[in-house]
Amino acid sequence: TEKVEKVQELEEVAGEEPTSPKFQGSRSKREKRAASYRLEEGEELFYPENHCVGILLIRPDGTFAYAHEGSVKFSEGVSGNWSRTAGMEDAIDLLPTSFGHCYEDVVKERNITDMRLTILLRRNQVDENGRFLCALSEEFRGRFTWIDPASDVASDTTWVQGAGAPEQLGEPASPKVPSRRKQTARSSIGRREKRAYTYRAAQKERVLCLESYSTGSLLLRPNGQFSYVHDASARFSDGMQGTWTSLPSNRVELEPTTIGWCYKGKLEERNVLGNKITILIHEDRFDASGREVSVLPEELQFVPNWLYPADYDFGDDASQEDEPMSPKIQVRKREVEKRACRYAPTSAEQLYSPVSRPSGMLLLRPDHSFAYVHDSQARFSEGVQGKWREEHDGEVELRPGSFGWCYQESFDESEILNSCHTVHIHRGQTNDQGKMFCSFPEELTRRLSWLD
């Protein structure tokens, strides 16, 4: 149970902006990622057999929404209407009417809105996680569809001219569907290498997943070589390569020898190469994609390593323009803005902690600009910014001019930008933590405001 809770915690962190807490205003209605969506009465979720990371939402009012990955929001995917397929039991027709951020500038509109799909609902078939499966009807298998936009079977797909690495516009946490390029990663015989999640194992090859990190995919070859990708939407050639040795009791020892595109520039080779890891294979357990399930040693479970990089943030890398479809492994960013709790003010800056809200922090700069966060775990750029002036000794008026991520969708713009407040700062006086403190007017401590 503890392991499951830890996995859920990591998944929520990966999908919902882990770095800074949202202001929990009374009207916060931020849309959840598809993977953490909570069903309302009459709604159903299905997972495509041919694209196990996608999620299809069927609503009782005859509408549907589809997300090609669980880490995106349904509003950013494909939406439309559904109806029951005539003459077929447990089958529906999906007619798209619109699509969102993840498909914009990548696939031409007619390749979505003109493509009516028939879906078979497997209400009597679930995966190991108890999720209902669905499948494309026979006529749509083996060709491009918006259900599986990364499929390599589509050679006749019309993509937006010049679509390269998807730009991250406005919503960095939601990945675009991968844009297609004509000359990338082709083998010596001219065939495109498939993504790990569509890879078909050759004779005596074995494809496995980790119980604690099902996103990754491990390929064991009969010649003692292995390939590993931290994300199944990458190609095996872009991941980790090495040798494997069979050990007693269904255990396998993995020793990396080279690293591919997804790891280069993200992990230092000296920390990876030769770093052996032993896994246990459950030969009688399989996931929804038919992969054998393997388990890390207990001391390595949920601990960052080259098999389990889930504790890291995605690194922005300009080289993504060269290979937009294979995700880089997650890395800790080095030169990023510090959280307010770790901020070191200059000699001319003043940092205060509110008496009635100790978790908040107010920064007054010498140029008479200020920044305020309701929670010191956030960054000042994600809170409220503006100008300040000292009306009387210790009485400082705060006039907001903008606000960041922590307040977006929780407050209306007018509730912040039109609300100037005066606070009393206590220069030279410190609280129990050694911080200078400020106090709010009594009226602000009894009602909702951007300060508290």
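The values are calculated or read from the model by the stated rules, or taken from the named source; none is laboratory data. Only a predicted model underlies this, so the values are computations on that prediction, with no experimental measurement involved. Counting neighbours? That spans all protein chains shown, and the Cβs are built from the backbone with ideal geometry, glycine included. Accessible surface areas use protein heavy atoms only, side chains included; no ligands, DNA or RNA. Shrake-Rupley method; radii C 1.70, N 1.55, O 1.52, S 1.80 Å.
Just to check your reading of the model, which residue among 451, 363 is open to solvent by less than 80 Å² (accessible area, probe 1.4 Å), closer than 28 Å to residue 30 by Cβ and touching a residue at least 40 places away in the same chain (Cβ under 8 Å)? Working first, answer last.
Values: 363 fails: touching a residue at least 40 places away in the same chain (Cβ under 8 Å).
Exactly one residue qualifies, and that residue is 451.
Can you confirm whether region 91-113 contains a residue that is open to solvent by less than 10 Å² (accessible area, probe 1.4 Å), touching a helix residue (DSSP H, G or I) at 6+ places or on another chain (Cβ under 8 Å) and among the β-branched types (Val, Ile, Thr)?
Scanning region 91-113 turns up no residue that is open to solvent by less than 10 Å² (accessible area, probe 1.4 Å), touching a helix residue (DSSP H, G or I) at 6+ places or on another chain (Cβ under 8 Å) and among the β-branched types (Val, Ile, Thr).
Give the residues of region 125-152 that are open to solvent by 20 Å² or more (accessible area, probe 1.4 Å) and closer than 13 Å to residue 47 by Cα, sorted by residue number.
The answer is 125, 126, 128, 129, 130, 131, 132.
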If I filter region 220-259 down to residues being of a type in the set (A, V, I, L, M) and within 24 Å of the chain's Cα centre (by Cα), which single residue comes out as nearest to residue 193 (Cα to Cα)? 234
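When residues of region 38-63 are filtered for being within 23 Å of residue 233 (Cβ to Cβ) and touching a residue at least 24 places away in the same chain (Cβ under 8 Å), how many remain? Let's see the steps before the verdict.
First, the residues of region 38-63 that are within 23 Å of residue 233 (Cβ to Cβ): 45-57.
Filter once more, so that each one left must be touching a residue at least 24 places away in the same chain (Cβ under 8 Å): 45-54, 56.
So the answer is 11.
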Criterion: in contact (Cβ under 8 Å) with a residue 24 or more places away in the chain, under 31 Å from the mean Cα position of the chain (by Cα) and open to solvent by less than 30 Å² (accessible area, probe 1.4 Å) - qualifying residue of 337, 382: 382
Residue count, region 229-276, condition open to solvent by 30 Å² or more (accessible area, probe 1.4 Å), among the aromatic types (Phe, Trp, Tyr) and in contact (Cβ under 8 Å) with a residue 40 or more places away in the chain, comes to 1
If residue 214 meets every condition in (1) at pLDDT 90 or above; (2) hydroxyl-bearing (Ser, Thr, Tyr); (3) within 15 Å of residue 292 (Cβ to Cβ); (4) open to solvent by 60 Å² or more (accessible area, probe 1.4 Å) apart from one, which number is that one? (1)
Taking the residues in region 31-60 that are of a type in the set (Ser, Thr, Tyr) and more than 20 Å from residue 95 (Cα to Cα) as candidates, determine which candidate is surrounded by the fewest Cβ atoms within 10 Å (Cβ to Cβ). 36
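Being open to solvent by 10 Å² or more (accessible area, probe 1.4 Å) and on the phi < 0 side of the Ramachandran plot is the filter here; which residues of region 61-73 pass it? I'd like the intermediate steps shown before the answer.
Narrowing region 61-73 to residues open to solvent by 10 Å² or more (accessible area, probe 1.4 Å): 61-63, 69-71, 73.
Those that are open to solvent by 10 Å² or more (accessible area, probe 1.4 Å) and on the phi < 0 side of the Ramachandran plot: 61, 63, 69, 70, 71, 73.
Does region 392-434 hold any residues that are more than 20 Å from residue 369 (Cα to Cα) and either surrounded by 13 or more Cβ atoms within 10 Å (Cβ to Cβ) or aliphatic (A, V, I, L, M) (or both), and which are they? Break it down stepwise before answering.
Filtering region 392-434 for residues more than 20 Å from residue 369 (Cα to Cα) gives 408-412, 428-434.
Once the filter is applied, which keeps residues that are more than 20 Å from residue 369 (Cα to Cα) and either surrounded by 13 or more Cβ atoms within 10 Å (Cβ to Cβ) or aliphatic (A, V, I, L, M) (or both), region 392-434 yields 408, 409, 410, 411, 431.
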Which numbered condition trips up residue 81, out of (1) farther than 22 Å from residue 196 by Cα; (2) in contact (Cβ under 8 Å) with a residue 24 or more places away in the chain; (3) of a type outside the set (Gly, Ala, Ser)? (2)
Can you pull out the residues in region 277-287 that are touching a residue at least 60 places away in the same chain (Cβ under 8 Å) and within 17 Å of residue 300 (Cα to Cα)? 279, 281
